[in-house]
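Here the structure comes first, spelled out in structure tokens, and everything after it is commentary.
The values are calculated or read from the model by the stated rules, or taken from the named source; none is laboratory data. Worth saying up front: this structure is predicted, and the values here are computed from it rather than measured. FYI the Cβ positions are ideal-geometry reconstructions off the backbone, even for glycines, and counts take in every protein chain you see. Ligands, DNA and RNA are stripped out before the accessible areas are found, and what is left, the full protein with its side chains, is counted by its heavy atoms. Shrake-Rupley method; radii C 1.70, N 1.55, O 1.52, S 1.80 Å.
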Amino acid sequence: MITKEMLVRYDELNRRKKDLEAELDKLKDMFHQYFDTAVGQNEKGEVKIDSYKLQRQIRRMEKFDPEVTVKRLEELNLPELILKRPDESKIKSALDLQLLKEADLEGCRISRTTAALLIKKLD
């Protein structure tokens, strides 16, 4: 059973969570500014103060630019390295224009459902 007290408590905790997250973000910004000055931007670093150690790790993620890479692979005659993907906007248009039927795409869609809670304090 859901009670008013549960909703009040949730609302209170959610407000505190937002305040804490804002404060954490400010501290993180200060830490990054320190490391940017001490070791340089996008460089890892470490500082020890009493029994605390603060480390900054840098993770780099690289992706291929799809348009440029496809063009280059086509120029190199390597089509087997190109992954084809359905164009969802064109599929939707084809369905709207009835060039394609829903039945033609049966079993092609993946559905994902998520649940969200929103509690507002009413005045």
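Close amide H partners of Leu100, meaning residues 5 or more places away or on another chain with modelled amide H under 5 Å apart, are Leu95. Our coupling estimate for the stretch 38-52, obtained by passing each phi through the Karplus curve with A = 6.51, B = -1.76, C = 1.60 and θ = phi - 60°, is 6, 10, x, 5, 6, 10, 6, x, 8, 9, 10, 9, 6, 9, 10 Hz, Gly and Pro reported as x. Using R₀ = 30 Å, calculate the FRET efficiency as 1/(1 + (r/R₀)^6) where r is the Cβ-Cβ separation of Asp65 and Leu105; round to 0.05. The calculated FRET efficiency here is 0.55.
Okay, helix-only estimate at 222 nm for the chain: each DSSP H run of n ≥ 4 adds -39500 (n - 2.57), divide by all residues, round to 500 deg cm²/dmol; what do you get?
Dividing the helical sum by the residues of the chain leaves -15000 deg cm²/dmol.
Extent of the stretch 41-123 along its three principal axes (Cα atoms, max minus min coordinate, largest first): 69, 62, 23 Å. A 1.4 Å probe run over the stretch 1-74, with the rest of the protein chains in place, finds 100 Å² accessible per residue. From a point 7 Å beyond the Cα of Leu83 in the direction of its Cβ, which residues of the stretch 101-123 have a backbone N at a distance under 20 Å? Residues 108-112 qualify, since their backbone N sits under 20 Å from the label point. Close amide H pairs (under 5 Å, H built 1.01 Å from N) link Arg56 with Gly45, Glu46, residues at least 5 positions away or on another chain. Tell me the carbon and sulfur percent of the accessible area for the chain, rounded to whole percent, probe radius 1.4 Å. About 54 percent, which is the carbon plus sulfur part of the accessible surface. Put the Cα centre of the stretch 53-89 next to the Cα centre of the stretch 90-118 and the gap is 26 Å.
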